[in-house]
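Okay, so here's the structure we're looking at.
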Amino acid sequence: MSDLKNIQRSNELLKRAVELNNDKAVYCIDLGQSYANLEQWDEAIDCYKNAVDLKKKYYDDPEDQNELDYYYEFLSEAYSKAGRLNEFIEIFEKSGDLNDNPDKKAIVYNRIGNLFANSNKEQEAIPYYIKAIKFDPHRPIYLCNLGLTYMTLEQLDEAIKYYKQAIELYRKSPDDFYGLDYYYDFLSEAYFKAGRLNEFIEIFEKSGDLNDNPDKKAIVYNRIGNLLANSYKEQEAIPYYEKAIELDPTRPIYLCNMGLTYTNLGQWQEAIENHKNAVELRKTLSKDIYELDYYYEYLAIAYSKAGRLKEFIDIFEK
């Protein structure tokens, strides 16, 4: 109840801000987000529409560094939440906005694709990803999103095709927001689901990609290990975890993953050693995706499985 009251109080203050600064698109966005938090979609839509109109009217406002696509993204999401995404598409396409900025128009089409895909409407998403690629053929993420949509539809050859294209495009535009390992991660899963993981491994290792970025290459090898381990091919997974550890010995999770694999194989001593190493490495790091207790939990499980839980307790308490 207190959270709701805070949102409502914030909403009143934002209304006042819009009244006092009725030429500021960003204030309309803030008010729209407040209505969105209250799930009042019609009000949110009105605010986002006003923001779009104000941005077009005061396009060169030096205090507003956002582009028009930024405001359209908020508007598209509100229409989607209201179950009226097709209405937004009609408004956007009739407006002619961003026709002179195809890369910005592509952002909006990609957003529409994401909204459809995230609502389990993959077939409806595909044409908008294709439009995004057409308007801006220099963004690997659009190809990747299209690949992900085909993978969700279990059209794996199509998914592989677009993931490969994303990788090829990334090589030509390495300043992309996402790293090459990001796209390889998706490609490995598509090959795996198609029952062709060995083919992926051969392609990846022959490519020489990420040789200059061993920590990123380690991410891909760890991913291969996970795919194999999660399909009960633990013995095949171990060499890839070992490669990940060799390439990037600063990530406790790789040691933990290998320890968990040995646990599943019933090789308790090897499991304990890897989990111990993960704990010791985590102690030396100020930052990691997991806290120390995460690694201790797996160490405790390994000792327990080995029938040596009291030994773990003694080590932990000391």
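The values are calculated or read from the model by the stated rules, or taken from the named source; none is laboratory data. Treat the numbers as computed from the prediction; the structure is a model and nothing was measured. Heads up, the Cβs are rebuilt from the backbone with ideal geometry, glycines too, and the neighbour counts pull from every protein chain shown.
What to note about this one:
- Some residue of the stretch 298-318 being touching a residue at least 12 places away in the same chain (Cβ under 8 Å), under 26 Å from Asp181 (Cβ atoms) and in contact with a Cys (Cβ under 9 Å, 6 or more places away or on another chain): yes
- Qualifying positions in the stretch 226-256 - hydroxyl-bearing (Ser, Thr, Tyr), surrounded by fewer than 18 Cβ atoms within 10 Å (Cβ to Cβ) and closer than 24 Å to Lys283 by Cβ: Thr250
- Flag if Asp157 is acidic (Asp, Glu), surrounded by fewer than 19 Cβ atoms within 10 Å (Cβ to Cβ) and assigned to a helix (DSSP H, G or I): yes
- Output for the stretch 98-138, where each listed residue is among the charged types (D, E, K, R) and farther than 18 Å from Glu154 by Cα: Asp100, Asp103, Lys104, Lys105, Arg111, Lys131, Lys134, Asp136
- When each of Ile203, Ile130 is tested for being closer than 24 Å to Asp248 by Cα, at pLDDT 95 or above and part of a helix (DSSP H, G or I), the lone residue that passes is Ile203.
- The single condition from (1) in a helix (DSSP H, G or I); (2) at pLDDT below 95; (3) within 30 Å of Tyr59 (Cα to Cα); (4) not small (Gly, Ala, Ser) that Arg171 fails is (3).
- Residue that is nearest to Arg196 (Cα to Cα), among those in the stretch 127-175 that are out of contact with any Phe, Trp or Tyr (no Cβ under 8 Å at 6 or more places or on another chain) and among the aliphatic types (A, V, I, L, M): Leu153
- The number of residues in the stretch 46-96 that are aromatic (Phe, Trp, Tyr) and surrounded by fewer than 13 Cβ atoms within 10 Å (Cβ to Cβ) comes to 1.
- Qualifying residue in the stretch 85-93 (condition: within 21 Å of the chain's Cα centre (by Cα) and under 23 Å from Tyr150 (Cα atoms)): no
- With respect to (1) in a helix (DSSP H, G or I); (2) closer than 17 Å to Lys105 by Cβ, the lone exception for Tyr59 is condition (1).
- Verdict on Tyr183 being more than 14 Å from the chain's Cα centre (by Cα) and buried (at least 23 other Cβ atoms within 10 Å of the Cβ): no
Each row is one residue, and each column tells you yes or no for (1) touching a strand residue (DSSP E or B) at 6+ places or on another chain (Cβ under 7 Å); (2) surrounded by fewer than 17 Cβ atoms within 10 Å (Cβ to Cβ); (3) at pLDDT 95 or above; (4) in a helix (DSSP H, G or I).
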| site | (1), (2), (3), (4) |
| --- | --- |
| Met258 | no, no, yes, yes |
| Gln269 | no, yes, yes, yes |
| His275 | no, no, yes, yes |
| Val279 | no, no, yes, yes |
| Arg282 | no, no, yes, yes |
| Tyr290 | no, yes, yes, no |
| Ala302 | no, no, yes, yes |
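- Count of residues meeting criterion [at pLDDT below 95, of a type in the set (D, E, K, R) and surrounded by 15 or more Cβ atoms within 10 Å (Cβ to Cβ)] in the stretch 306-318: 0
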